[in-house]
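What follows is one structure encoded as structure tokens, with my remarks underneath.
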Amino acid sequence: MTRAPSKPAAAASAPSVTRLAIVGTAGHIDHGKTALVRRLTGVDTDRLPEEKKRGISIDLGFAPLVTPAGVHVGIVDVPGHERFVKNMLAGVGGIDLVLMVIAADEGVMPQTREHLAIVQLLGVSRGVVVLTKRDLVEREWLDEVARDVRALLAGSPLAEAPIVEFSALTGAGQEPLLAAIDAALATATGRKTAEPVRLPIDRVFTVEGFGTVVTGTLWRGMVRVGDALELLPGGHAVRVRRVQVHGATVEEARAGQRTAVAVHGVAKEQVARGDWLVAPASLRASSVLDVRFELLPDYPREWKAATRVRFHLGASEIIGRLVLLEGTSLRAGSSALAQVLLEKPAVPARGDRFVVRSYSPSRTVGGGTVIEPVATRRRRRAGGLDSLAVHESGSLEARLLERLATEARPVATALLAQALGESEAGVGAALAGLVSAGEAVAPVEGRWLAVARWSSAQETITQEVEKYCAKYPARYGVPKGELKSGLKSAVDATLFDAAFDALVAASTVAVRGERVRPASSAWEPPAATMAALGRVEAELEANGLAAPETAAWLAKLGAGGPEVLSLGYFMGRLVRVSQEFTYTARQLEGLRTKLAAHFAKKPTLSVAEFKEIAGVSRKYGVPLMEHCDRVGWTVRGGDERKAGGRLASGRRD
Ligand SMILES: Nc1nc2c(ncn2[C@@H]2O[C@H](COP(=O)(O)OP(=O)(O)OP(=O)(O)O)[C@@H](O)[C@H]2O)c(=O)[nH]1
Ligand SMILES: [Mg+2]
């Protein structure tokens, strides 16, 4: 081995933090994986009766190991049988190091290759090759097998991995093997304990007194008793009742530990292998993913545009289709942008590695990396791949801008962080940069929008206001509510409110009452409408307060009537007193003056007195009195009235 020696001081400088790692076995059936784990740990990971009976591993097995350097290792022992590769896949996600086990007597076999391809696709870059059953072969044979193995590994991330000779029968090679494991783990970086919890569930069972227990490798974060967590894709909220690591109850489990979590709030039947235990609202379930897909070099054909596959992520296996977004086919050994359309939702995050197996017969054909965990379905070759390329390899700022460009409304920082698979703090800082570069805005506190979308919303509103005013010159402007609902499909409601306020603040539009017009053009109602309004006022005033009913004089004005009426109301020159009657402002002002004179002499006003003052019969008197009550000129008490608070000021509302 030619690895740089690890600094012992590094481990000693932080004695309180135990170094943790997950190590997975891999290799062909019967090559001695389980025997090796038993030799190292004393634990028989074949615990199912059927495993005992058939002498093979069927499902995952787990065992703890403390290495000579003091690393606390959780070993995941996987089955080698080709029918159980899906079980192998459920355990191998999230391992730090692979023990590639090859029986010296048989050498490289089909699942040696398949398991190697899988760990490579999952991005496992640390490995130790174990040539086991050393006791069964001669030196010459052993050297030949070692040469085959080197040839197999050439060009892979494990090309430089140490090859250790071992015998589970005699124990020979155990020390060099442990030393090789320690050397390989010395370069492993610790997992992110500060990030939100993410645990792919590989087993679910019940424990007397604790209910439902889920187990898995804690990918990131920490789990403590009492924590509120979420089960996805089901979306069940749960609370942690107990945490165990390799059978021992602990206060907290940290990223990089095999973890069993007893949860409150969900029945065993509601959870299954492949589900995830995560921090609330930190991830979303998704059935459509944008990915980069790599086809294995030994795939015998070209990959067709849309093919039915088994998609493996974390401990989940989901059937779906893998659709190429570039070109109509893919050559073995090459990669392309693709979309995964799943029959049931996965729980992906950006950057996750996944494995793809053919639907039938099941064999590993490729894998790749998640680019957009929550994507929308694309039409093949409909374009938009530039944006995907940015999401794949662009800077955080560039990716944020791409994301914002697709958002029709201001989006909260937390949602952006979740969509991009980044920390909220990082996204917040990048957003601040985009704001000072003039590329993003926060129209609502803590919610963000691309500047282009912000400007176009304001432009759309302004244009709509201009259009309305050109169409209805007799009106001051468009009522705000009508403007907003008219633009409903073009401008999101939250965005409308923010953009409207900005237009008012910038004096681009002017507001009077509910109506809005472009501030740049002064309002001048058409002379003909003004003249008609003057005639209406004259006609109303000709008979004192015994004025004609609104409908009657409106009919005389013909098609332009409503326009005159609305102009009169808007300018405050006409006042609607009831369904039937409209008066001029001057008439009502005259009435107010008379009422004030009455109350100066007498504190109360009877109905008869009112009719006399107004000079009208009951038909006009009742609506007028009710109007005076409404506007606060009078206050009714039984049959009599007193002076209202607004009588003196003359304000009508
Ligand atoms: N002589 C000899 N036999 C071994 C050694 N290691 C394992 N065996 C035997 O090989 C057989 C298979 O060993 P396992 O450890 O069950 O193999 P495995 O890789 O776990 O098999 P699967 O989990 O089913 O893929 C058993 O009969 C073991 O006793 C060894 O170092 N020397
Ligand atoms: Mg086994």
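The values are calculated or read from the model by the stated rules, or taken from the named source; none is laboratory data. Given the structure is predicted, the values throughout are model-derived calculations rather than measurements. Because the Cβ atoms are built from the backbone with ideal geometry, glycine has one as well, and the counts that use them run over all protein chains shown. Keep in mind that these areas ignore ligands, DNA and RNA; they rest on the heavy atoms of the full protein, side chains included. Shrake-Rupley method; radii C 1.70, N 1.55, O 1.52, S 1.80 Å.
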>> Can you give me the long-range amide H partners of residue 222? Hydrogens built in the peptide plane at 1.01 Å from N, cutoff under 5 Å, separation of 5 or more residues or another chain.
In response: 197
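Quick check for me: using +1 on Lys/Arg Cβ and -1 on Asp/Glu Cβ, what's the dipole size of segment 530-590 about its Cα centre, in debye to the nearest 20? Walk me through the numbers before you get to the answer.
Values: 5 positive and 7 negative charges, 20 e Å.
My answer is approximately 100 debye.
In segment 266-363, what percent of the accessible surface is made up of carbon and sulfur (1.4 Å probe, ligands and nucleic acids excluded)? Don't skip to the answer; put the middle values down first.
Working: 1930 of 4010 Å².
C and S atoms contribute 48 percent here.
Are there GluC sites (Glu not before Pro) in segment 157-209 that DSSP puts in a loop and that have at most 15 other Cβ atoms within 10 Å, and which ones?
Values: sites: 160, 165, 208; in loops: 160, 208.
Hits after loop and neighbour filter: 160, 208.
List, in the order given, every pair from 86/133; 467/556; 467/488; 344/488 whose Cα-Cα distance in the structure shown is over 23 Å. All intermediate terms of the calculation are to be shown ahead of the outcome.
Values: 86/133 26 Å; 467/556 30 Å; 467/488 16 Å; 344/488 33 Å.
Beyond 23 Å: 86/133; 467/556; 344/488.
For the chain, what does the accessible surface come to per residue with a 1.4 Å probe? Please give it in Å².
For the chain, the solvent-accessible area averages 46 Å² per residue.
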> Roughly how many percent of the accessible protein surface of segment 442-508 is carbon and sulfur, given a 1.4 Å probe and a whole-percent answer?
Replying inline: 50
> Do any GluC sites (Glu not before Pro) in segment 251-346 lie in a loop, going by DSSP, with at most 16 other beta-carbon atoms within 10 Å of their beta carbon, and if so which?
Replying inline: 251, 302, 326
>> How would segment 500-608 be classified by its alpha-carbon gyration tensor: rounded, prolate or oblate, with rounded meaning a/c under 1.5 and the a/b versus b/c comparison settling the rest?
In response: oblate
>> If I compute solvent accessible area with a 1.4 Å probe over the protein chains, what percent of it on segment 583-653 is carbon and sulfur?
In response: 52
> Between segment 503-518 and segment 318-376, how many Å separate their Cα centres?
Replying inline: 52
> Any idea what angle helix 451-471 forms with the longest principal axis of the chain, computed on alpha-carbon atoms, 0 to 90 degrees, nearest 10?
Replying inline: 20
> So how tilted is helix 139-153 from the main axis of the chain? Cα-based, degrees 0 to 90, rounded to 10.
Replying inline: 20
> Just the accessible area for residue 109, please: 1.4 Å probe, Å², rounded to the nearest 10?
Replying inline: 60
> Non-local amide H neighbours of residue 227 (under 5 Å, H modeled in plane, Pro and chain starts lacking H): which ones?
Replying inline: 240
>> With θ taken as phi - 60° and the coefficients 6.51, -1.76 and 1.60, list the Karplus ³J(HN,Hα) couplings across segment 176-192 in order, rounded to whole Hz; mark glycine and proline as x.
In response: x, 5, 5, 5, 5, 4, 4, 4, 5, 6, 4, 8, 5, 8, x, 7, 7
> Got a sec? What order do 583, 472, 359 fall in by accessible area at 1.4 Å, biggest, i.e. largest, first?
Replying inline: 359, 472, 583
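Can you list which of the GluC sites (Glu not before Pro) found in segment 377-471 are DSSP loop residues with at most 15 other C-beta atoms within 10 Å? Show your work: numbers first, answer last.
Details: sites: 392, 397, 402, 407, 422, 424, 439, 445, 459, 464, 466; in loops: 407, 422, 439, 445.
The qualifying sites are 445.
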